[in-house]
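Only one structure is covered here, and it is reproduced in the block below.
The values are calculated or read from the model by the stated rules, or taken from the named source; none is laboratory data. Just so we're clear, the structure is a prediction, and the values are computed from it rather than from any experiment. Cβ sites come from the backbone with ideal geometry, for glycine too, and all protein chains shown count toward neighbours. In case anyone asks, the SASA skips ligands and DNA or RNA and just uses the protein heavy atoms, side chains included. Shrake-Rupley method; radii C 1.70, N 1.55, O 1.52, S 1.80 Å.
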Amino acid sequence: CQHYQLTKNADDLVYIQTYLDFIKFCQQPDGNFLNYVDKQRLFTKQNDEVNLADAYGRTIWALGFAISLKSVLPSEIITEADLIIQKALVNAAAVHSTRAMAFTIKGLFYYNTNSRKPGKIALIRELANRLVQMFRHESDQNWRWFESYLTYANGILPEALLLAWLATGDLAYKEISKLTFDFLLTKTFNKKRIHVISNIGWLYKDQPAYPDTIGAQQPIDVSYTIIALNSFYSVFKSQDYLDKMQISFDWFQGNNHLNQIIYNPCTGGCYDGLEKNYVNLNQGAESAVSYLMARLTVEKKFTITHPVNIPKAYELQLLQ
């Protein structure tokens, strides 16, 4: 959707419809979504063994963003996405997983841009208030966060509160979003590069410092940081946020503790992770999508305000 918004490339519509069809296939009669499907298009037992809340939240985000492009996308896509999200949102108030709530807020924010209705705003408030309660319970003078540890997809939490403020005007959301985001940046940036929280070792509240060479840094966390930086820059216009977007994108190009490229310009894919002593050379779908989201966010921002150092060989290629 972002690429189509930027380029109006008709080929994107085939992908958008394919992914929308998959979302519809995964939606269950109660409105929720299953997440694991095998090659025979059968739902696997893994759906019964794991928490599907994040999958729900990310799907609401995807649908809400698509619907926000009502003036750009074909009406039949908007209509289908709208029917799916309406069926799904009956379950939104039952979401209590921290990041799933944040993903859902993002989706509701975008969904609300084209049809502002009290019900959507009330749902945003309900979920945002839960995040606020978590912050007030866990935070202190030295720990400005929603939980007693930093884990995965951290940038999504303060960004969700920022969007909740934009949707509702509640200044508490704005204040807490900035406090928590700036705190996160102190834990994941030095002057020269980003170091996202590792997938194999969380940063706990009583931990004095976080190792800057620990492995299992994943593209998705860098991507979410870039997206959040973009949202915060759009509101606060801080040059520091813009500079950190550049630094974060450079992580894909080798500005990391191994000085190794993470995006693969030969395949259009993205390696799955930056380990302590090597790059994980698997190129999974999540990593490719993460790079593409980061790239599109940076491209839209820096083509207007600031040059970004992207070699010609890195021209965006949707995976065929």
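Data overview
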read-out	value
For Gly215: the one exception among (1) over 23 Å from Leu157 (Cβ atoms); (2) surrounded by 24 or more Cβ atoms within 10 Å (Cβ to Cβ)	(2)
Any pair with Cβ under 9 angstrom, 6 or more apart, that starts in segment 60-83 at a residue that is of a type in the set (Ser, Thr, Tyr) and ends at one that is part of a helix (DSSP H, G or I)	Ser68/Phe109; Ser68/Tyr110; Ser68/Tyr111; Ser68/Asn112
Residues within segment 75-93 that are closer than 19 Å to Tyr4 by Cα and either of a type in the set (Gly, Ala, Ser) or surrounded by fewer than 13 Cβ atoms within 10 Å (Cβ to Cβ) (or both), tallied	4
Some residue of segment 218-236 being outside any helix (DSSP H, G or I) and either under 20 Å from the mean Cα position of the chain (by Cα) or closer than 18 Å to Tyr152 by Cα (or both)	yes
Any hit, segment 99-119, residues being of a type in the set (S, T, N, Q) and not in a loop (DSSP other than H, G, I, E, B)	yes
Hits in segment 247-283 (condition: touching a helix residue (DSSP H, G or I) at 6+ places or on another chain (Cβ under 7 Å), over 20 Å from Gly201 (Cα atoms) and open to solvent by less than 30 Å² (accessible area, probe 1.4 Å))	Ser248, Phe249, Phe252, Ile262, Tyr263, Gly269, Cys270
Tally of residues being of a type outside the set (S, T, N, Q), open to solvent by 10 Å² or more (accessible area, probe 1.4 Å) and within 24 Å of Phe183 (Cβ to Cβ) across segment 100-131	3
Asp48 vs. criteria over 26 Å from Leu166 (Cβ atoms), outside any helix (DSSP H, G or I) and open to solvent by 80 Å² or more (accessible area, probe 1.4 Å)	no
Residues located in segment 218-244, provided they are out of contact with any Phe, Trp or Tyr (no Cβ under 6 Å at 6 or more places or on another chain), open to solvent by less than 60 Å² (accessible area, probe 1.4 Å) and without any contact (Cβ under 8 Å) to a residue 24 or more places away in the chain	Ser234, Ser238
Matching option when the condition is open to solvent by less than 10 Å² (accessible area, probe 1.4 Å), touching a residue at least 40 places away in the same chain (Cβ under 8 Å) and more than 20 Å from Asn230 (Cβ to Cβ), among Leu157, Leu162, Leu150	Leu150
Only one of Asp206, Asp182 that is without any contact (Cβ under 8 Å) to a residue 12 or more places away in the chain, among the acidic types (Asp, Glu) and open to solvent by 20 Å² or more (accessible area, probe 1.4 Å)	Asp206
